[in-house]
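Q: Got a structure for you, questions after.
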Amino acid sequence: MSYTHALSEARYENLGLRMTSLINDTAPRAKSGLDIGAGAGGLTRKLIEMTGIAFSGIEPSLQHDQLVDGNIKILKGFAHEIPFANETFDVATLTSVYEHIQPRLRLKSLQEIYRVLKPKGVLIGQIPNMYFPIELHSKLPFQSYLPRRAAQWYLKNFSSVAWKDHEVDWFRVGPMQLKKDAFSAGFIEGRVYRANYEREAIPRRFHWAIPMLRILPLGFDFYFKK
């Protein structure tokens, strides 16, 4: 197993454990779940294994209408246009997705999630700390503080990540905006928690920054109840 693959697996494992803990605390009787922004299903599979919940997924970047991998079915879809009926799921997960949603679509996306959740359903998720000194998508210092045009130039010319030639497809957003949108969408209860990854899920070249995490978390976990 390559170091990159091991790092990715450690991240899924750690994030899966955190999301599972929130699900157990807020939706212990959940039977059905939707993973929004599921990618190729790496975290979705962890959630199925850890919770026993029958998860489906949606992912906007799929080349085809759906991806089926064993007991995982992922449909092509967006958070603001979820291809499922009203009140379908007990729980929805939104991990490392909210910061990628266009600002004009944030409220609509949370309204859609609210729509597909059953009564007393729960939205569980995570957002990165967009004000952490090292930008967590590009791995570049202080990129989050730059105007978007400058941030794009910085990404293209200095980042080593695979998507460095693509646009900066994330936005500076934090817990206050998330809570505002969630309650505006109709959720009646919620909480945001400071959260960090374990050491094995952090690239070695950034281990020097681990002491910072006592003051500045890498991200925030959250739940909102319908």
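Q: Across the Cα atoms of segment 172-222, what radius of gyration and what greatest pairwise Cα-Cα distance (Dmax) are found, in Å?
A: Computed over the Cα atoms of segment 172-222, radius of gyration and Dmax are 14.2, 42 Å.
Q: Okay, moving on. In degrees, nearest 10, range 0 to 90: what is the angle between the Cα axis of helix 106-116 and the longest Cα principal axis of the chain?
A: Orientation of helix 106-116: about 30 degrees from the principal axis.
Q: While we're here: Arg148 to Leu17: extension gain in nm, 0.36 nm per residue of separation minus the Cα-Cα distance?
A: Values: separation 131, 0.36 × 131 = 47.16 nm, distance 3.36 nm.
Full-extension gain reported as 43.8 nm.
Q: Which peptide among 143-152, 49-58 comes first, and what is the full order, when sorted by highest mean count of other Cβ atoms within 10 Å? Let's see the in-between values first.
A: Values: 143-152: 15.2, 49-58: 18.6.
Going by the mean number of other Cβ atoms within 10 Å, highest first, we get 49-58, 143-152.
Q: Sorted by average packing, counted as other Cβ atoms within 10 angstrom per residue and highest first, what order do 27-36, 81-90 take? Each step should come with its number before you reach the end.
A: Working: 27-36: 19.4, 81-90: 15.6.
Sorting 27-36, 81-90 by mean packing, highest first, produces 27-36, 81-90.
Q: At 7 Å along Cα-to-Cβ for each site, give me the label-to-label distance between Arg204 and Asn71 in nm.
A: 3.6 nm
Q: Compute the long axis of helix 42-51 from its Cα atoms, compare it with the longest principal axis of the Cα atoms of the chain, and write down the angle in degrees, 0 to 90, nearest 10.
A: Here the helix axis deviates by roughly 50 degrees.
Q: Something else about it: Just to check I understand the Karplus step: with θ = phi - 60° and J = 6.51 cos²θ - 1.76 cosθ + 1.60, what whole-Hz values come out for segment 148-156, glycine and proline as x?
A: These are the phi-based 3J(HN,Hα) values: 4, 5, 5, 5, 5, 4, 4, 4, 5 Hz.
Q: Oh, and also: Using only alpha carbon pairs under 8 Å that are at least six residues apart, calculate the relative contact order of segment 60-150 and give it in whole percent.
A: Numbers: 109 pairs, mean separation 22.6, N = 91.
The value is 25 percent.
Q: Going by average Cβ neighbours within 10 Å, how do the peptides 182-188, 94-100 rank, with the highest at the top? It would help to have the intermediate numbers written out before the result.
A: Working: 182-188: 17.0, 94-100: 21.7.
Ranked from most to least packed, the peptides come out as 94-100, 182-188.
FYI, it's all coordinate maths here, none of it is from the lab. All of these numbers come straight from a predicted model, not from anything done at the bench. Every residue, glycine as well, gets a Cβ built from its backbone with ideal geometry; the counts of neighbours run over all protein chains shown.
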